């Protein structure tokens, strides 16, 4: 296993589409923010302190319990090109902020890419676990186990009253950020999405773009996560989010049923046209690609488009992004060449899936 | 709905302006919004959670004003990392875990605004948690004990009582 695999292969385990309700809830993620008692937070830590933190994390790799979750690979950010970092970000294995500001940064990745432990991001450690479908409870349990393993080796900054102490006051307490990535074209097409999103905000949850805070929602993909980390237990947070996600899934299914019953022909026409575009286009921009991929995914879910597994759609969503396209081409590409490559890649991948 | 400015892209931002009682509705796309300066000052692109926090921390109010005066004379400072309260309130980030102690007197209102709560009630680490975990377990056992007594399950209550005694001794020895 070399770190090259994380970069060259698009497929991570969370993309297999096998999890519960994975047609609508694409993936579930749990992230725990942790800091080591003895060091200042990464914004103030000196280079040598950051090195010591990295070394402490590397040491934990020797732990037998962690090996049972693994195998893990340790990757320093300063050993990667900016393109390689971008690919890891596009695969959700590192955050946009670790990609942009990599001082002292590293990541510990499990081979199946279910675990990614970021080092020296905003906090010393960000233990992340990512699963296919709606499996927040399982993701929390897995992240919690890894957290316990780290806790055997390092003293976490913790306070009886405030809980886990984090660099940003928005993460203090449990340090947990749980999220579900959801594909909600039915709610968008029936104009119900804004109503639902504002309802979500009222129960202490927040909607972010696909790559977290500040990123845009594209291709009808929405990431719903908890906002509050202090005063609620991890279990309460997970249960709350799971229950809201289930309700949104129900609403989305109802919207899809409504569309099929009342607007079937125009819907079929739209989805099949999008399929036509993806299988024939010679140039395609990323916005159009996300939109059409969303349509085709909906077509697959509704049985209108057949013979394409969901995993291929998950894979394509990742592969059509700028970093991946360039990695795939083995060279830097300008925007025009990317649009051409993107169209070709989608055509080839869909063709291969049909055969 | 199509953007009123460029008539090309879909309108994703919807504004209602009321000037001198006259109401105007605006439906524009993000690109035009940025060009026309309809966005928040500074632009949405660099508007992050830390700006929001900083805004919350600097909100004017009777308390905050006196804090600001105090900060001008002798700002709160974290002795461990050197971060001052004004620096923290500007960046929205702590410098080290001791900042929580150093700025403690100012943090409750912030946490109440952000989380609606000021006290942690989740996971406790085994090691650095020290006696907290045992105390938590004891609270839970005491609660169960009360329940057992109410429901007259005395055999179970006796078991719980013994376990509570064990824990009390463990805590006393730590």
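Here is how the numbers come out for the structure above:
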| quantity | calculated |
| --- | --- |
| Members of segment B:80-92 found to be touching a helix residue (DSSP H, G or I) at 6+ places or on another chain (Cβ under 7 Å) and either under 19 Å from residue A:175 (Cβ atoms) or surrounded by fewer than 19 Cβ atoms within 10 Å (Cβ to Cβ) (or both), listed by number | B:86, B:88, B:90, B:91, B:92 |
| Test result for residue A:204, facing chain B (nearest Cβ under 10 Å), touching a residue at least 24 places away in the same chain (Cβ under 8 Å), within 30 Å of residue A:56 (Cα to Cα) and over 20 Å from the mean Cα position of the chain (by Cα) | no |
| Options A:30, A:107; residue that is assigned to a strand (DSSP E or B), more than 20 Å from residue A:154 (Cα to Cα) and modelled with pLDDT of 95 or more | A:30 |
| Among the residues listed as A:187, A:165, the single one being more than 9 Å from chain B (Cβ to nearest Cβ) and touching a helix residue (DSSP H, G or I) at 6+ places or on another chain (Cβ under 9 Å) | A:187 |
| Residue count, segment A:254-272 (criterion: more than 14 Å from residue A:196 (Cα to Cα) and touching a residue at least 60 places away in the same chain (Cβ under 8 Å)) | 4 |
| Elements of type helices (runs of 4 or more DSSP H) in segment A:259-355, at least 1 residues being buried (at least 16 other Cβ atoms within 10 Å of the Cβ) and over 24 Å from the mean Cα position of the chain (by Cα) | A:264-280, A:335-354 |
| Residue count for segment B:107-155, restricted to those that are in contact (Cβ under 8 Å) with a residue 40 or more places away in the chain and within 11 Å of chain A (Cβ to nearest Cβ) | 5 |
| First in segment A:29-56 and away from every other protein chain (no Cβ under 13 Å), second anywhere and not in a loop (DSSP other than H, G, I, E, B), Cβ under 6 Å, 6 or more apart | A:29/A:130; A:29/A:179; A:31/A:126; A:31/A:128; A:31/A:177; A:54/A:106; A:54/A:119 |
| Segment A:149-162, subset out of contact with any strand residue (DSSP E or B) (no Cβ under 8 Å at 6 or more places or on another chain) and touching a residue at least 60 places away in the same chain (Cβ under 8 Å), residue farthest from the other protein chains (Cβ to nearest Cβ) | A:149 |
| Residue A:245 being exposed (fewer than 15 other Cβ atoms within 10 Å of the Cβ) and modelled with pLDDT of 90 or more | no |
| Residues (over 24 Å from residue A:160 (Cβ atoms) and either at pLDDT 90 or above or facing another protein chain (nearest Cβ under 10 Å) (or both)) located in segment A:218-238 | A:220, A:221, A:222, A:223, A:224, A:225 |
| Selection status of residue A:57, more than 25 Å from residue A:158 (Cβ to Cβ) and modelled with pLDDT under 95 | no |
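The values are calculated or read from the model by the stated rules, or taken from the named source; none is laboratory data. Just so it is clear, the structure is predicted and the values come from calculations on it, not from any experiment. FYI the Cβ positions are ideal-geometry reconstructions off the backbone, even for glycines, and counts take in every protein chain you see.
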